[in-house]
1. When only Cα pairs under 8 Å and 6 or more residues apart are kept, what is the percent relative contact order across the chain?
2. With all protein chains present and a 1.4 Å probe, how do ASP151, ASP24, ASP244 order by accessible area, largest first?
3. Under the rule of at least 5 residues apart or a separate chain, name every residue whose amide H is placed under 5 Å from the amide H of VAL13.
4. If I stretch the segment between THR237 and MET270 completely, what's the gain in nm (0.36 nm per residue apart, minus their alpha carbon distance), one decimal?
5. If you build the convex hull over the alpha carbons only and average its shadow over all orientations, what do you get for the chain? Give it in nm² to one decimal.
6. Which longest uninterrupted range of the chain lacks any trypsin sites (Lys or Arg not before Pro) assigned by DSSP to a loop state (not H, G, I, E or B) and surrounded by at most 15 other Cβ atoms within 10 Å?
7. What is the distance in Å between the Cα centres of the stretch 157-191 and the stretch 240-277?
8. Write out the GluC sites (Glu not before Pro) in the stretch 127-182 meeting two conditions: DSSP loop, and at most 15 other Cβ atoms within 10 Å of their Cβ.
Amino acid sequence: MKLAELFNNRKTVFSFEVFPPKRDNPIETIYNTLDALQDLKPDFISVTYGASGSLADNSTCEIASAIKHRYGIESAAHLTCVNSTKEEVTQVLKKLHDNGVENILALRGDLVPDVEPKEDFKHASELITFIRESENDFGISGACYPEGHLDSRDQIEDILNLKKKVDAGAQHLISQLFFDNNLFYDFLDKARIAGINVPIEAGIMPVVNKKQIERMVSLCGASLPAKFTKMMSRYETRPEAMRDAGIAYAVNQIVDLVSQGVDGVHLYTMNNPYIAKRISESVKSLF
């Protein structure tokens, strides 16, 4: 099933993201996570690509195929392009197709320090066009950024670039994490005005420790509302309290988003079944 079809029945879609184990960890560790996530019955699970964008030792395809065929849940494989040639991407597309993976989240990918990017793909929109014109029929999703991509001069430029992704063939969008729902609603209004009419899922990341949020903010530039920073300050030295407060904050975000009629919610699980279960059980009646 193509992911865009999940939105046809007007149901609010609820999905998860997982990531492959690090190279020094056995791949079986992800299946322990998936065993636990399976019972939560997400509409689909996406699998991130290697942090370096390297094709070597990348287990995204294997995991995405297992989610679909072993666990009976629709899957989407992340695919980055800035560090890959067209020939390499073609190999990945063939491997995904041969393993029964029908959906791809097409991304530019992060620039790697001291590694010269390849020249074949400079933007995600170019990758989306390449996938759409390939011999295999994939459902294509793209990423969007409620506060604008760090490389964009402003939000207007970023939304115009997002329109290029949709015009190139992206059928569904998943947002970067955010902690202020009003920023997401403002982004949605501007995206719709720009003619971006595909389903847009809100990306929610439960924050369970200060180190995690500092890393995430440095990577994506998400702003932190005052009530969030006050929560962090109050509980940062108490791990269990910080975890529970972070879960509650994510639940409150999701309740508000669903009540406002968003197309879907994409939960960044961080491969933590306990947190995913706590949140899913709190909001399951909403979906």
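1. Values: 497 pairs, mean separation 57.6, N = 287.
Reported as a whole number, the value is 20 percent.
2. Working: ASP151 100, ASP24 125, ASP244 60 Å².
In descending accessible area the options line up as ASP24, ASP151, ASP244.
3. GLY264, VAL265
4. Working: separation 33, 0.36 × 33 = 11.88 nm, distance 2.10 nm.
Net length gain for the segment: 9.8 nm.
5. On the way: hull surface 58.5 nm².
Its average projected convex-hull area is 14.6 nm².
6. Values: sites that count: ARG10, LYS11, LYS22, ARG23, ARG70, LYS122, ARG153.
Between the exposed loop sites, the longest stretch runs 154-287.
7. 20 Å
8. Numbers: sites: GLU133, GLU135, GLU147, GLU157; in loops: GLU133, GLU135, GLU147.
The qualifying sites are GLU133, GLU135.
The values are calculated or read from the model by the stated rules, or taken from the named source; none is laboratory data. Bear in mind that the values here come from a model prediction, so they are computed numbers and not experimental data. Cβ coordinates were reconstructed from backbone atoms using ideal geometry, including for glycine residues, and neighbour counts include every protein chain displayed. What goes into the accessible areas is simple: the full protein's heavy atoms, side chains included, and nothing from ligands, DNA or RNA. Shrake-Rupley method; radii C 1.70, N 1.55, O 1.52, S 1.80 Å.
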